[in-house]
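Chemist: Before anything else, here's the structure in question.
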Amino acid sequence: MKITKPMSWLKPILVLSLVCSFALTATAQDYYPTTIGNTWVFLSTDGAERRTYSIEESDTATDAEAGIFILKIVTETLGTETVDTDIYYISDDAGDLKLHRTKLEEGAFGIAAAMLDPPALFFPADLPVGRTWDIVTVAELDLVGTATTTSTIEVVDSEALETPAGTFENCVKLEIRRKSVTALAVIRTTSYQWLAPDVGPVKYEDDQGIVYQLQSYNLIEATPAEPMVETPAEPETPEVPVVETPAEPMVETPAEPMLETPEVTPALPESSFDIALESGLNMISIPLMPAESYTAKSLAEMLGSTVVIKLDAATQHFVGYSAAEEGDGFGIDGSSGYIVNTPAGGAFTFTGTAWMNQSDDAAAAPTGITAKSAWAFVLTSDLQNKETGKTYTVVAKNLRTGVITTQKVANDKGSVSAVWANMNRKSVIQVGDKLEVTLLDKRGTVVSGPFQRTVTTSDIHNAYLSVQMRVGDVRPKETILGQNFPNPFNPETWIPYQLSRDSNVTIQIYNVSGSAIRTLNLGHKSTGSYMTASTAAYWDGKNGVGEHVSSGIYFYTLQTKNFSATRRMVILK
C-alpha cells in the first residue's frame, strides 16, 4: 500500500474502505453482477497500484447457508513485493446488498476485523440521482484504539465514461462523505465512485485526487432463471369523460408591505461538563468550546498534567508538550483527542458552548500507567546554540526495545519533544530503560549527543524526562585519534581527537628513533569531539626545550586511561 498517503492509517477502521477502494461496487443487480467468479482489474493513473476485485465463495459453511459471499480486494504496489488483501462479507437481500463483516490486512496495525449486527445496508437496489444513505461502523485498531466511522453516500449524477476497458453509458456517480472519530482525531474525507450498468465499477477518485480506472473485467454468465408465464391482463374499462366546471375568477388582494427585521443570532448557552481522570495517563477530548482557546500549557495547568500529547493528522506523528518546556505549546481544539498525564488525578469541570460541526463526545480513558511502566512517554529537550535558518531533527531510541521516535525542530522554538505512545495502552517505557537521544542536522550529521539517560520511577510518574542538548556538544561512541592538519606542515600543526568518556589526556611526540621530544599535557577532558582548530591539540613544532625540530618524519601518540593510538606526521622546511 502507498505509505505516502497521509491518512493510510485510517483504512482499518473504515469498514467502508471498501467504499473508498471500489468496494462500492456491490450494488443492485443492474450495477454490480454478483456472480461467483466475477473479476475487475484497476490501475491508478500514476501507474503505482494495481487492484484486483473478485467475487468468491465464503470460506465457512455457515456463510454459505446464510447466502453470504465475499468480495476480495488484492492491492499490489507495482515494482515492490507489497501486497495487501482485504475481505468483505456481503449478501444479496432482494436486490439490496448487506454488509456483514470485514477482515482487513494492515501490516503493523494487525488484522482489523469488524462485525455488523444487524448487517448494514451496503447498497440499495435502486440508485436514482439524489438517493442518500448512511453506514456506521465501529472497529478496534492498534495504535489508535476504538474508531467510529459514519459514511454518507449520495448519488449525485449519471454520465458517460471512457476507460481503458471501454466506454460506458449511464454511469452512476456516487459521492462518499466520511467522518471517522478516534480518541486522537476527527477526520473528514470525500471521494467519488462511478458504476456502470451490468458491469460494476469503472472509475474511482480517492480523497487525495488519485484516479483509478478499469483496465479489464470478466463477468461470469449467471444461471438463467425459470421462465415466467404471463397472465393476460384484464380488459380495460373505457374512460368516462370528465366535465370541467369553470372556476370562479380570483381577485388578488394586495399584500401588506413587510418590514425587515434584523436577524439576531441567538447566543449559545454556556454549559459545564465534568470529566474524571485517574492518576496517571488518560485519553481525553475537550467537550466544550471555551471562551478563550486552550493551549497545551493552559490545559496542562488546568488538569495538573505533566504532559499533553496529540497525534498530528497530517504527518501521523505524535507531538508532545511537557511541563518542563517554555512557551504555550500547540493549540487545543475539539476535533482531536489528547493524552494527558495527571499524577494526582481527580474531577475537572470544563465550561463553554457546544462545538460547531465537531464531535461532542468527551472521552476519558482508563489509565495505563503503573509504578514501573507507562504507555505514553515524552522525552523533552531544551536546545542551545541553534544556528538560525538551519534544520535539526531529534532522534530518540529506547535501547531495550529498539523503538525509535523522531521529531523535527521548529525554527522558532528552542525546545522539542519526542514521543513514545501505544494506543492499546501497552507499555512503551519502563523503569531502568536506557534512552539514547541524538541531534542531527539536515545532512544527518550528529551535531549533539548521543546522550544516554536511564528512566527512573520519578520519570515514569511524570511521564516525561528532560535532556539538555547543545549544538556542537557531540558525544562520540568511540575514542579516536585523527590525522594532524596540515600535514606536511611548517612550523605548526593541530592534532584532532575525540573521546567517548571523560579522561586525562596526553599526547607524546617521538622522532624516528623512538625518542620522546615533546609531551603535550592536555589535562582532564570531557567526553566530546575535539576535531577543529579551536578545540584540537596544538603543536608549535618545538621540542621540550623550546627549539624548532628539524625536517623529517615524527610520530604522535594519544594516551587516555583506556585508550592509546599512534599516527605519523611530516615536517617540511
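Chemist: Roughly what percent of Cα-Cα pairs across the stretch 480-571 reach past 16 Å? Walk me through the numbers on the way to the answer.
Modeler: Working: 2075 of 4186 pairs.
Result: 50 percent of Cα pairs exceed 16 Å.
Chemist: For a footprinting-style exposure proxy, rank His548, His461 by other Cβ within 10 Å, fewest first. Display every interim value, and only then the final one.
Modeler: On the way: His548 12, His461 16.
Exposure proxy ranking, most exposed first: His548, His461.
Chemist: Sequence gap at least 6, Cα distance under 8 Å: using those rules, report the relative contact order of the stretch 271-470 to the nearest whole percent. Don't jump to the answer; show the numbers that get you there.
Modeler: Working: 504 pairs, mean separation 49.3, N = 200.
The normalised contact order for the stretch 271-470 reaches 25 percent.
Chemist: Can you tell me the FRET efficiency between Ala276 and Val136 if r is taken as the Cβ-Cβ distance and R0 is 30 Å, rounded to the nearest 0.05? Display every interim value, and only then the final one.
Modeler: On the way: r = 28 Å, r/R0 = 0.92.
In this case the efficiency is close to 0.65.
Chemist: At a Cα cut-off below 21 Å, give the lysines reachable from Lys179, other chains included and same-chain residues fewer than 8 away excluded.
Modeler: Hits, sequence-local ones excluded: Lys5, Lys11, Lys98, Lys103, Lys310.
Chemist: Moving on to the next point. Going by average Cβ density within 10 Å per residue, which order do the peptides 431-439, 522-530, 501-509 take, highest to lowest? Mind showing how you got there, number by number?
Modeler: Working: 431-439: 19.0, 522-530: 15.0, 501-509: 16.7.
The peptides rank, most packed first, as 431-439, 501-509, 522-530.
Chemist: Can I ask one more? What are the ³J(HN,Hα) couplings of the stretch 85-90, residue after residue, when phi is run through the Karplus curve with 6.51, -1.76, 1.60 and θ = phi - 60°? Round to Hz, x for glycine and proline.
Modeler: 10, 10, 10, 10, 9, 9
Chemist: Something else now. Taking the Cα centre of the stretch 480-571 as the origin and placing charges on Cβ (Lys, Arg +1; Asp, Glu -1), which of Asn562, Asn490, Tyr530 is farthest toward the positive end of the dipole?
Modeler: Projecting each Cα onto the dipole axis, the largest value belongs to Asn562.
Chemist: Let me check against my output: what whole-number percent is the relative contact order of the stretch 480-571, with C-alpha pairs under 8 Å and at least 6 apart? Mind showing how you got there, number by number?
Modeler: Values: 201 pairs, mean separation 31.1, N = 92.
Normalised by residue count, the contact order of the stretch 480-571 is 34 percent.
Chemist: Could you pull out every residue, at least 5 positions away or on a different chain, whose amide H is within less than 5 Å of the one on Gly482? Hs are placed 1.01 Å off N in the peptide plane, and Pro or chain starts have none.
Modeler: The list, which skips near neighbours in sequence, is Tyr497, Gln498.
Chemist: Among Ile70, Ile553, which comes first, second and so on when ranked by fewest other beta-carbon atoms within 10 Å? Please report the intermediate quantities before stating the final value.
Modeler: Working: Ile70 22, Ile553 12.
So the residues, fewest neighbours to most, are Ile553, Ile70.
Chemist: Could you list Val512, Val181 in order of exposure, starting from the residue whose Cβ has the fewest other Cβ atoms within 10 Å? Mind showing how you got there, number by number?
Modeler: Values: Val512 10, Val181 23.
Lowest to highest Cβ neighbour count: Val512, Val181.
Chemist: Between Thr388 and Asp328, how high is the FRET efficiency from 1/(1 + (r/R0)^6) when r is the Cβ-Cβ distance and R₀ = 25 Å? Nearest 0.05. Walk me through the numbers before you get to the answer.
Modeler: On the way: r = 22 Å, r/R0 = 0.87.
Here the calculated transfer efficiency is 0.70.
Chemist: I would also like to ask the following. May I ask you to compute the full-extension gain from Glu159 to Met115, defined as 0.36 nm times their residue separation minus their alpha-carbon distance, rounded to one decimal in nm? Don't jump to the answer; show the numbers that get you there.
Modeler: Details: separation 44, 0.36 × 44 = 15.84 nm, distance 3.48 nm.
Taking 0.36 nm per residue and subtracting the Cα distance, the gain is 12.4 nm.
Chemist: I've got another one for you. Would you please put 74-83, 335-344, 392-401 in order of how densely packed they are, using the mean number of other Cβ atoms within 10 angstrom per residue and starting with the highest?
Modeler: Details: 74-83: 12.6, 335-344: 21.5, 392-401: 18.5.
Order by mean packing, descending: 335-344, 392-401, 74-83.
Chemist: Provide, as a two-decimal number, the C-alpha radius of gyration of the stretch 35-74 over 2.2 N^0.38 Å, N being how many residues it has. Write out the running numbers ahead of the final one.
Modeler: Numbers: Rg = 13.2 Å, N = 40, 2.2 N^0.38 = 8.9 Å.
In units of the globular-protein estimate, the stretch 35-74 measures up at 1.48.
Chemist: Here's a follow-up. Checking the table Lys72/Lys203; Lys477/Lys561; Lys372/Lys426; Lys525/Lys561; Lys390/Lys525 against a 21 Å threshold on Cα-Cα, which pairs fail? Provide the component values of the computation, followed by the final result.
Modeler: On the way: Lys72/Lys203 18 Å; Lys477/Lys561 16 Å; Lys372/Lys426 13 Å; Lys525/Lys561 11 Å; Lys390/Lys525 29 Å.
Flagged as over cut-off: Lys390/Lys525.
Chemist: Under 9 Å from the Cβ of Val437, count the other residues' Cβ atoms, weight Lys and Arg +1, Asp and Glu -1, and hand me the total.
Modeler: On the way: positive: Lys397, Arg453; negative: Glu436.
Result for the local shell: +1.
Chemist: Summing Lys, Arg as +1 and Asp, Glu as -1, what charge do residues with Cβ under 13 Å from the Cβ of Ser500 carry, Ser500 excluded?
Modeler: Values: positive: Arg475, Lys477, Arg501, Lys525, Lys561; negative: Glu478, Asp502.
Combined, the nearby Lys, Arg, Asp and Glu give +3.
Throughout, read-outs are computed from the coordinates displayed, never taken from laboratory work. Bear in mind the structure is a predicted one, so any value in this text is a computation, not a measurement. All Cβ positions, glycine included, derive from the backbone under ideal geometry; neighbour counts span all protein chains shown.
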